[in-house]
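Inspection log for the structure reproduced underneath, given as structure tokens.
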Amino acid sequence: MPKERVPPLTTPLSSVGELVRELLREPEAARFGAILERYSAASLDLMPYLRWDPANYTRNCVVRNARFELLVICFEPGQRTSIHDYDSEAAWIKVLGGDLVTERFDLADNGSLRLRKASRFRTGEMMELPRKNSIHRFQNPGTTRAFTLNLYAPPMSKWRVFDERTGADQWRAAGPSG
């Protein structure tokens with residue numbers, strides 16, 4: 001019986017189904033980012049996960065298992081997340097449409113938040129957020145919708161949300177994902 005041919009790591013992934021199959025086959029979570037990087041563009045099979053809400057950004061679950069969680073996050077113009085970090089070991093975020101600004105924060109000695117860096121990410125660009133020093137916020141500064149594909153390993157079960165004025169934090173169950 002011939003061995004199943006495994007595509008080289010440079011082969012683009014053109015569907016969410018292909019992306020999920022590759023993630024399921026990969027034994028090392030540290031390689032998940034390289035797999036997500038290969039996802040070439042938003043495809044038609046992503047359409048069921050593209051849901052916007054005029055009041056809040058949305059978190060739409062593609063797949064969740066014991067090893068990882070894959071979400072589509074949709075932002076209307078001007079929407080942003082709270083300042084937060086999470087309990088996953090790593091997260092990879094790929095912008096699939098629009099532009100996002102990512103603000104990274106540090107906790108000052110007095111417990112307040114200090115903006116460390118703000119970066120703009122455009123369609124097709126990707127970022128990695130390791131657990132250490134991962135206090136951040138995403139916002140859609142544009143005039144059109146934006147959406148990302150977020151991969152968390154292991155799945156995010158809770159996140160720590162920070163008060164922007166005081167730096168006070170509170171652990172909460174991860175927000176709803178439809």
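The values are calculated or read from the model by the stated rules, or taken from the named source; none is laboratory data. For clarity, every value in this text was computed on a predicted model and none was experimentally measured. Here the Cβ is made from the backbone with ideal geometry for all residues, glycine too, and neighbour counts use every protein chain on show.
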Could you say which residue among Thr123, Thr144 is without any contact (Cβ under 8 Å) to a residue 40 or more places away in the chain, at negative phi and not in a strand (DSSP E or B)?
Thr123
Being closer than 19 Å to Thr10 by Cβ, free of Cβ contacts under 8 Å to residues at least 40 places away in the same chain and either among the charged types (D, E, K, R) or in contact with a helix residue (DSSP H, G or I) (Cβ under 6 Å, 6 or more places away or on another chain) (or both) is the filter here, so list the residues in segment 20-54 that pass it.
Arg21, Glu22, Arg25, Glu26, Glu28, Arg31, Ile35, Arg38
Sole exception among (1) at pLDDT below 95; (2) surrounded by 14 or more Cβ atoms within 10 Å (Cβ to Cβ) for Ile35, by number
(1)
Can you find a residue that is touching a Ser or Thr at 6+ places or on another chain (Cβ under 6 Å), crowded, with 19+ Cβ neighbours inside 10 Å and more than 21 Å from Arg51 (Cβ to Cβ) anywhere in segment 82-90?
yes
Of the residues Ala90, Ala34, only one is closer than 19 Å to Pro155 by Cβ and among the small types (Gly, Ala, Ser); which?
Ala90
Go through the residues of segment 99-115 one by one and say whether even a single one is touching a helix residue (DSSP H, G or I) at 6+ places or on another chain (Cβ under 9 Å), of a type outside the set (D, E, K, R) and either under 23 Å from Phe138 (Cα atoms) or surrounded by 14 or more Cβ atoms within 10 Å (Cβ to Cβ) (or both).
no
